[in-house]
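The values are calculated or read from the model by the stated rules, or taken from the named source; none is laboratory data. On a predicted model such as this, the values are computed, not experimentally measured, just so you know. Note that we place each Cβ from the backbone using ideal geometry, even for glycine, and neighbour counts take in every protein chain shown. Note: accessible area is taken over every heavy atom of the protein model, side chains too, but ligands, DNA and RNA are not part of it. Shrake-Rupley method; radii C 1.70, N 1.55, O 1.52, S 1.80 Å.
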Amino acid sequence: MRSALFLPASNPRAIEKARTLDCDVAILDLEDAVAPERKADARAAAVQALRDGGFGPRLGVRINGLDTEWGADDLKALSGAGATLIVAPKVDDADAARALTAALPSDAVLWAMIETPRALLNLNAIAAVERLEALMLGVNDLAVGLRTGPSPDREPFKPWLAATVAAARAHGLLALDGVYNRFTDLEGFAAECAQGRLYGFDGKSLIHPSQIAPANAAFGPSAEEIAHARAVIAAFALPGSAGKGAIPVDGRMVERLHLSEAERVLSHLDRDR
C-alpha cells in the first residue's frame, strides 16, 4: 500500500480518472473534501462507483464520522453497494473502532485515521481491534489538535510517527503516513516520503495524482535493496549455510531474521509487478 490517493466523491471526473491511476489505493472521500450540501450526492456517486467497478487501484471510501448526521447513512449505503474497504476519520479509541467494524459488511475491513491527541494516547488499543487493517495518520487535524508550529522536518510529530508504526507492527497492521499539502513541491514531498520510509511506514496518503509516482518509488524497494535481498537469499541457500543462524553477506553478518526480511522484500516486488 505505497500510495493511497484521496479523491472527492462529489467530482465525477475525479472518479473516472481514478479508474486508470497507478496508485495502490483510490479513496473516494465523503468527508473533508465534500461540502455539507453535497454530502448526499457524494454518497450516491460513491455507491454508483462501487457498483460500476472497473478500477485499477484497490477502491476504498472515507465516510463521515458516526458522530455526524451523515456517517451512519454512509455506512449503510456503502454496505449495500459491496464496499470492502472503509476509511474512518477521527477514530479516537477502541470503542469507536469496534462500533465501526460492527457495522461493516462481513467481507469489509477498516482503516482507522489517527487524527486527534486522544487517538494518539489510545494507539495500542485501537490497533488491537479485529477487522482493522491499517492505521492512517491524519496530520492536518493532528497539527490543529496538538497546536504544533510549522516545521520542515515534522519535528513535533516524530514521537507519533514512531508510535503509530509501532502500534501497527505490534498488531500486524499497515501503517500509512499522512498527506503532504504542498502538492506542487515534489522535492519536499520526496523528502517527506523518505522520512516516512525511514520511520517504517508502508506508504503515504496522497492528495494529488502527481504524488503517485514519487510515493510508489519511495515506498517500494530500491534497486540496491532488491540486489541485497537476492544476495541474502542466495547465501542462505548455499549448502554450507545449512543450520547456521548467521552468515557473511557483502561484508557484514546477516541473521535468519534478515532472510525473512529479504523474502518479504522480494514478495512485495512480485506483488507490485
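A few comments on the model shown:
- Leading residue by the ranking (farthest from Ser79 (Cα to Cα)) among those in segment 107-165 that are among the small types (Gly, Ala, Ser), part of a helix (DSSP H, G or I) and under 17 Å from the mean Cα position of the chain (by Cα): Ala162
- Answer residue from segment 67-110, given it is touching an Asp or Glu at 6+ places or on another chain (Cβ under 6 Å) and within 16 Å of Asp32 (Cβ to Cβ) and is surrounded by the fewest Cβ atoms within 10 Å (Cβ to Cβ) among those: Lys90
- Filter pass, Val265 being open to solvent by less than 80 Å² (accessible area, probe 1.4 Å), touching a residue at least 60 places away in the same chain (Cβ under 8 Å) and either part of a helix (DSSP H, G or I) or not aromatic (Phe, Trp, Tyr) (or both): no
- Scanning segment 31-63 for residues that are within 18 Å of the chain's Cα centre (by Cα) and surrounded by 20 or more Cβ atoms within 10 Å (Cβ to Cβ) yields Glu31, Leu59, Gly60, Val61, Arg62, Ile63.
- Subset of segment 128-147 [open to solvent by less than 40 Å² (accessible area, probe 1.4 Å) and of a type in the set (Val, Ile, Thr)]: Val129, Val139
- In segment 193-206, the residues that are touching a residue at least 24 places away in the same chain (Cβ under 8 Å) and either aliphatic (A, V, I, L, M) or open to solvent by 20 Å² or more (accessible area, probe 1.4 Å) (or both): Ala194, Gln195, Tyr199, Gly200, Asp202, Leu206
- Flag for Val232 being more than 25 Å from Leu104 (Cβ to Cβ), open to solvent by less than 20 Å² (accessible area, probe 1.4 Å) and without any contact (Cβ under 8 Å) to a residue 60 or more places away in the chain: yes
- Checking the stated criteria, Phe236 turns out to be over 30 Å from Ala94 (Cβ atoms), of a type in the set (Phe, Trp, Tyr) and part of a helix (DSSP H, G or I).
- Cβ pairs under 6 Å, 6+ apart, first in segment 62-74 and touching a residue at least 40 places away in the same chain (Cβ under 8 Å), second open to solvent by 10 Å² or more (accessible area, probe 1.4 Å): Arg62/Glu31; Trp70/Lys39; Asp74/Arg43
- Close pairs from segment 151-174: first within 27 Å of Arg131 (Cα to Cα), partner open to solvent by 50 Å² or more (accessible area, probe 1.4 Å) and of a type in the set (A, V, I, L, M), Cβ under 6 Å, at least 6 apart: His171/Ala128
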